[in-house]
Each structure stands twice: as C-alpha cells, then as structure tokens.
1. Scan region 232-239 and tell me whether some residue there is touching a strand residue (DSSP E or B) at 6+ places or on another chain (Cβ under 7 Å), more than 16 Å from ligand 2 (Cβ to nearest atom), at pLDDT 95 or above and of a type outside the set (D, E, K, R).
2. Is there any pair linking a residue in region 138-151 that is within 11 Å of ligand 2 (Cβ to nearest atom) to one that is modelled with pLDDT of 90 or more and assigned to a loop (DSSP other than H, G, I, E, B), with Cβ under 8 Å and at least six apart or on different chains, and which?
3. Could you list all residues from region 289-338 that are closer than 15 Å to D260 by Cα and basic (K, R)?
4. For region 58-85, which residues satisfy the criterion of being within 17 Å of L225 (Cβ to Cβ), in a helix (DSSP H, G or I) and among the aliphatic types (A, V, I, L, M)?
5. Taking region 136-178 on its own, how many of its residues are in a loop (DSSP other than H, G, I, E, B) and either more than 10 Å from ligand 1 (Cβ to nearest atom) or β-branched (V, I, T) (or both)?
6. Taking R304, is it of a type outside the set (S, T, Y), over 26 Å from I3 (Cβ atoms) and at pLDDT 95 or above?
7. Can you tell me which residue is surrounded by the fewest Cβ atoms within 10 Å (Cβ to Cβ) among those in region 187-217 that are of a type in the set (S, T, Y) and closer than 14 Å to F235 by Cβ?
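The values are calculated or read from the model by the stated rules, or taken from the named source; none is laboratory data. Given the structure is predicted, the values throughout are model-derived calculations rather than measurements. Cβ coordinates were reconstructed from backbone atoms using ideal geometry, including for glycine residues, and neighbour counts include every protein chain displayed.
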Amino acid sequence: MKIGILGGGQLGKMIAQAARRLPFPVEIAIYDASPTACARTESDSFSVGSFHDAQSMLTFASGHDIVTYEFENIDPDIVTRMSNVPQGASALGILQNRLKEKEFINSLPGVQCVPYTLVEDQCPFDYPYIVKPISLGYDGKGQHVIADERDERYLKEGMVAEQYLSDVTEYSIIIARNIQGEIIGYPTFENSHVNQILDTTRFAQIDTIWEDAMRKKAISIAEALDYCGVLTVEFFFSNDRLYVNEVAPRVHNSGHVTLDAVQASQFDLHLFGLLGLPFPELEVDPSWCMVNVLGQHYRRVCDRDLPGHFYDYGKQSTKSNRKVGHINGRLCDLELLKRARIA
Ligand code: ADP
Ligand code: MG
C-alpha cells in the first residue's frame, strides 16, 4: 500500500508512524515545501515542492494508492484533480476560508458559530470583539482582541470580526468517518489555551446532554462535507450555548492524547477511515492528559525525567511559541507537567 502525505509537519509525521502500525506493508511518501520538514525521517521517499505547483503535486499523488493532507491550506482546485484523496477537496475549499466556513456552519440545521461579520469600515460589534484573518491563520496568528478604540488599529478590511466570549470553555470533538459513511468518535476533549495556542487537553467532564449535542453537530458537519478520515470540530461553550469555533479536516493537536489514552489513536482512525478498514471498539482511559511543548519549553523538557511520554517532533528549530512536541501524562500530574516546562 503506497500512502502519500501532503505536508511534512508533526501531524504528517504521526500519520506516517501510524501507517507503520497497519497490518500490511506500507510505503510512505511525503510532500512538503521544506527539505527539513520534521516528518521526513518517517518517510520512505520525500518530495520537496511548492504547494502552488499543481504539476508536481499531481505527479506526487499519481504514484500512490491513497493520498492524505495534514493541513487545510492546500489549493482545492489541485486536490480536485487527484482521484485518490478520500478526504476530498470540498472540505478544503470551505474550511480554509473563515468566511465560507462560518457560512457553511450556520447553514446546517442546529449548528451555529459565534456572531461574526466581515470587517468593513466601521466598528462591527461592542467591545470586546476579536478580529481574525480570513485565511492562513493557525495558533491565533494574526488575531487581535479589540478591547477599546486604541485596538482598532488592528482592524483591516477583509478580516472577520466576531464577538469575544469572555466566559468560555473550549471543547473539541474528534470523529472519524470511513468511505462507507460509518462514524466513530472519541469522548469530548476539554482544551485550555494560553495566548491563543493550545496548552493542555484533558477528557471533558461534561453533561452528556452537551456531549451528545456536540457529537451530533460534528456528525452533521462531516456528512454535509461527505468527508472521509478524521475530522475535528472546535467548540466554545458559553452561557449555556454551544458555538462551533472552527472545523479542521484533519487530525488535531487536541487528539494527541489518544496516542496513550486509547488503543487506537486519532492517526490510526484517520487511516482506517481513509482505507475503509473496520473501526475498532474504542477502549479509552480518561486518566490521560496532554501538555504542549513550545520552543521556549524545549530545553527544560529534554533535560528532565518527567512522569509521562514526551513526543519530540524533531523540529529543525525551536522557535518561541511554536509547537515542538507534547507530553502525554496522567491528569494527576497535569500541574507538575505544566510547571516543569517553565521552571
Ligand atoms: P486558530 O485558527 O489560530 O486556531 P481560533 O479561531 O481557533 O484560531 O482561535 C484561537 C484561540 O483564540 C481559540 O481557541 C480561543 O482560545 C481564542 N478565541 C478565538 N476566538 C474567540 C472568541 N470569539 N471568543 C473567545 N476566545 C476566542
Ligand atoms: Mg483553533
């Protein structure tokens, strides 16, 4: 089985590692714009090419049985021309553009995002609100909370503004759908962010009514996109209301805890979904949690003997505020693991 992965970051790396656990031999090829992409070490072959170069991407894809993408900023017109990408191109076309994504979310019955508007010339909401670039954002890049008129210098035409929820709990739902349309999912994850970057994930302790509501919304999103593979839906829960924040047509940072907490990780389920393999009954141990490791934490984490598993992505550089690894440990050690990164 020849598997091609578009994108050589940590997600591509962990998909490749999961592919090696499949019960048959695989050949893994990775395509990335950077020759030093961290997934390279897991590949049998590695192609360096631009994500704007349709010809080289199509040549790459045609040499494989299936192709998957690990990030959403890939030209959907190029992916449309590939016949072997079960995730499909329509998820990319919609979800890589914040405005299209929100219109799509609100068009589904019973699914809603936070009130938003396109930034034009005047102030769109009462303070505080948040502005976000329409595309290419990750880890809060390019986003600004507008708390008063001094912050309005960050407003740029064409950005998306949305109401800022001050009292919010963040959850994510990770489901996998296969080519037969079967769906399986993990329990809900509760996520905490620092500076708009995911900091920790644990299994949520939440009323099943809300959990079921989130799951239903996530399933209707996956079905509306006729999506195959792992799909992640980020939710905001505020004042007894559930809003969809974003949808990622891929494995997700909040699912990294499944590498230890579940016998089948999100990377395994992603591949099972793409390949149409039967989904296993999931055995979940909710006592696990995950702590992200950013560039500024790296040295300390490497030098310590920590109660948990450190997944080092092997990044070429350890820049501040960039994800370079994560630690899966027990919830009872969460505070210790968080602190060990900084002191
Ligand atoms: P990215 O695409 O960079 O992940 P998100 O839109 O998910 O961007 O925002 C990153 C984080 O910023 C969220 O997980 C949340 O912590 C915070 N955030 C974003 N939008 C809002 C909002 N409307 N209200 C409150 N917090 C928000
Ligand atoms: Mg997000």
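1. No: region 232-239 contains no residue that is touching a strand residue (DSSP E or B) at 6+ places or on another chain (Cβ under 7 Å), more than 16 Å from ligand 2 (Cβ to nearest atom), at pLDDT 95 or above and of a type outside the set (D, E, K, R).
2. D139/Q196; D139/N321; G140/N195; G140/Q196; K141/P133; Q143/P133; Q143/Q196
3. Result: R330, single match.
4. Once the filter is applied, which keeps residues that are within 17 Å of L225 (Cβ to Cβ), in a helix (DSSP H, G or I) and among the aliphatic types (A, V, I, L, M), region 58-85 yields only V79.
5. Residues flagged as in a loop (DSSP other than H, G, I, E, B) and either more than 10 Å from ligand 1 (Cβ to nearest atom) or β-branched (V, I, T) (or both) within region 136-178 amount to 9.
6. So R304 fails the test.
7. S192
The rows are residues; the columns are (1) of a type in the set (D, E); (2) in contact with an Asp or Glu (Cβ under 8 Å, 6 or more places away or on another chain); (3) touching a residue at least 24 places away in the same chain (Cβ under 8 Å); (4) closer than 24 Å to H252 by Cα.
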| residue | (1), (2), (3), (4) |
| --- | --- |
| G63 | no, no, yes, no |
| P86 | no, no, yes, yes |
| A91 | no, yes, yes, yes |
| L118 | no, no, yes, no |
| Y129 | no, yes, yes, no |
| S135 | no, no, yes, yes |
